[in-house]
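Heads up, the thing below is written out as structure tokens.
The values are calculated or read from the model by the stated rules, or taken from the named source; none is laboratory data. As the structure is a prediction and not an experimental result, all values here were calculated from the model. Glycine also receives a Cβ, built like all others from the backbone with ideal geometry; neighbour counts cover every protein chain displayed. Heads up: the accessible areas ignore ligands, DNA and RNA and are worked out on the full protein's heavy atoms, side chains in. Shrake-Rupley method; radii C 1.70, N 1.55, O 1.52, S 1.80 Å.
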Amino acid sequence: MRSIEKQLNLSLGLSLLIVFGLLWWLAIWTLHHLAEDYILQRLHLDADAIGQHLFVQNGQMALSEPSLNPAYAVPDSGHYFAIKAPTDTLTSSSLGDFPLYLKPPAATHSSQHYETLGPNDNHLLVYQTQMDFQKEKLTIYVAEDHSDMEQALWWFDAIVAVFVLLSMALIYLLQKRLLRRSFQRLDPIYAALDGLQRGEPFYLQADDYPDEVQPLISKLNDALQNAQKQLSRSRQASGNLAHSLKTPLNILFQLRQHPTIASDPTLQTTLQTQTDNIHQRLETELQAASIAAESPNYQRFSPAQDLTDLTDSLQQLYPDKRLHLTPSITDWPPTLPLEQNDGFELLGNLLDNAAKFSDRHYWLSFDRDTQCLQIDDDGPGVSEPDRTLILQRGVRLDTTTAGHGVGLAIVHQIVQAYDIALTFSASRHGGLCVQLRLHGEKPCP
């Protein structure tokens, strides 16, 4: 979809172009016609004066030029006239021998005007009219050089055009600036959404925004609050389900050790298989339901508090194993882009496996630049063909160690939900190396 700002700017630009273009054309057309009408009015008066001072001398037409505008007696003065009779033509002294173009009279009009070239290739505006004289029909042509007027009008046209263009550009830029400032009033929405990704509460005051978007802000607030309530109810229901099913499941685990069942190997095998399946399915589905990667609001995993709690728990579970943390906990970022419970599950499962299968030492490191977490151990490691199997639900490469084979399957679900790149390789310490890139699906370098 095209930008609203661009659409408004384009519409404004076209509107300004049309309106100012029409105003410019109207101003130019009006001024040109006023100037032309002014010249024609003077030529009409001169034609009337010529008709009044026309007489016959020695059988020919004659005119007393001194009684007219003196410019008609000055050669190339820019003011000319010609009187055409059926048998004779009388011209002004200013024309000299120049053959002025005399347009034939129109059949339907007694007067008309036209443009032609003068003695110095200058532009002449010619007024033509007819009159009766001595029982003859005479045609009077009065012309005036209007080159200077045309030049002045051309400069006026150019000045008006520049003024119109500058006005259009100024109005367009002002409107564009106003639109941009208006849209910048929506920037707090982006900041609030960024804060939402960091786990901060999301709520916007609708009155702080323009009237046009206030309904949208109100709906957005309601939608996110409802989504948060639904997520909380869903996760609470998942927790309640877990607690309600774990007690009967523990009873089933105890029953399968009962002497009566122990005497029937087939029944014992069936019961053991089914309880293991129920346990695996329960843990996996509850974990999948509790992953908060798509939550609009959650509490982030804090290394300073949560990672410390996690490492303390691991130290109690594996007192003979030593965890090496790089960098020290004070140099880690304030939060990681993981929901708190998901961070516990992700790092808890991976660190638990590292501690469980290590000989004496295991390591956790974090690189701020690449946003990569790395977990190493000095245990026996995992062969390259087996590394593709350990993420599958229920697969246990080491059956001598307690577990149900769902820990790394849960890890797999979490990294998929957060688009985290997860890779396994041989550790430089001899065991398994697990790398997690928290931003993006590209593996750690």
When the stretch 12-47 is examined, which residues are found to be of a type in the set (S, T, N, Q) and either modelled with pLDDT under 85 or within 23 Å of A82 (Cα to Cα) (or both)?
Q41
How about the stretch 97-128: which of its residues are open to solvent by 60 Å² or more (accessible area, probe 1.4 Å), out of contact with any Leu (no Cβ under 9 Å at 6 or more places or on another chain) and under 23 Å from L45 (Cβ atoms)?
K103, H109, S110
Being under 25 Å from E136 (Cα atoms) and either at pLDDT below 90 or assigned to a loop (DSSP other than H, G, I, E, B) (or both) narrows A107, A71 down to just A107
When P327 is run through (1) out of contact with any strand residue (DSSP E or B) (no Cβ under 6 Å at 6 or more places or on another chain); (2) surrounded by 12 or more Cβ atoms within 10 Å (Cβ to Cβ), the failure sits at (2)
Breaking point among (1) open to solvent by less than 40 Å² (accessible area, probe 1.4 Å); (2) part of a helix (DSSP H, G or I), for Q175:
(1)
Kindly check whether there is at least one residue in the stretch 42-51 that is outside any helix (DSSP H, G or I), within 18 Å of I140 (Cα to Cα) and either of a type in the set (G, A, S) or open to solvent by 50 Å² or more (accessible area, probe 1.4 Å) (or both).
no
Give the stretch 74-96 a look and list any residue that's more than 16 Å from D148 (Cβ to Cβ), among the charged types (D, E, K, R) and at pLDDT 85 or above, or say none.
K84
Which one of the conditions (1) more than 30 Å from L178 (Cα to Cα); (2) under 54 Å from the mean Cα position of the chain (by Cα) does N69 fail to meet, given that it meets all the rest?
(2)
Is it the case that the stretch 188-195 has a residue that's within 21 Å of the chain's Cα centre (by Cα), modelled with pLDDT of 75 or more and small (G, A, S)?
yes
